[in-house]
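Working notes, structure below.
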Amino acid sequence: MDETILSLHPPLRACWMKRGRQKRIPTPGTQRRHHLFGAYLYGEDTLCWTSAERKTSQAFIEFLEHLLLETYPERQFILVMDNASIHKSKASLAALSLFEHRLRVIFLPAYCSFLNPIERYWRHLKDRVCVNKLFPDMEELRQAVECELQAQNQLDNPQRFSLLTFKP
């Protein structure tokens, strides 16, 4: 389980250019951000996600409720999370304690968020949708990301990212 930021400033990655020509990536005048909360369900090789305007403890709790009450009301979970302050706030810990009969929470060591499997998916998502691309507004970026997230859960999609076959 983790969060990622969608930004109108595109993530830049290496790309091919003709010799002597610098590729130009325009940027928007005003920075805007949107946050995704997601959980990778290892046994099913699928994602569960919600989005929020701000990355707060309340948004994290709403994602937990979406995951545990609406989407999977009967399942047991092992949550692997980094040490973000929103995960360890009093409100978040209280919400996690309400589900302790269904949850085992594993906090990763500090500065080791790369150990969380969903981090690999966030990179894949941004590579497919956001890298070196400028979106005219946040709504269009959100729609493109939503399309890719839905395609990720279609098991017959040849473009989907699978951690079950991932080899580091």
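The values are calculated or read from the model by the stated rules, or taken from the named source; none is laboratory data. Computed from a predicted model, the values in this text were never measured in an experiment. For neighbour counting, all protein chains shown are included, and Cβ atoms are generated from backbone atoms with ideal geometry for every residue, glycine included. Ligands, DNA and RNA are excluded from the accessible area calculation, which covers all protein heavy atoms including side chains. Shrake-Rupley method; radii C 1.70, N 1.55, O 1.52, S 1.80 Å.
Ranking R160, R54 by solvent-accessible area of protein heavy atoms (1.4 Å probe, all protein chains present), from largest to smallest, gives R54, R160.
In summary, the range 113-159 shows an alpha-carbon radius of gyration equal to 1.24 times the 2.2 N^0.38 Å reference for compact globular proteins. Of the whole protein surface, F37 contributes about 0 Å² of accessible area at a 1.4 Å probe radius. For the pair I5 and A151, label points projected 7 Å from Cα toward Cβ lie 2.6 nm apart.
Working ranking of peptides 45-51, 24-30 by packing, defined as the average number of other Cβ atoms within 10 Å per residue, highest first, is 45-51, 24-30. Checking (1) 14.5, 39; (2) 17.4, 62; (3) 19.3, 59 against the coordinates, the calculated Rg and Dmax of the Cα atoms in Å falls under label (2). Remark: the range 11-108 projects, on average over all directions, an area of 9.4 nm² (convex hull of Cα atoms). For the chain, the solvent-accessible area with a 1.4 angstrom probe is 62 square angstrom per residue. Taking the accessible area of the chain, probe 1.4 Å, and keeping the other protein chains in place, the carbon and sulfur fraction comes to 53%. Estimated from helical segments only, the mean residue ellipticity of the chain at 222 nm is -8500 deg cm²/dmol, where each DSSP H run of four or more residues counts as -39500 (n - 2.57). The stretch between R123 and L103, if pulled fully straight at 0.36 nm per residue, gains 4.6 nm over its current Cα-Cα span.
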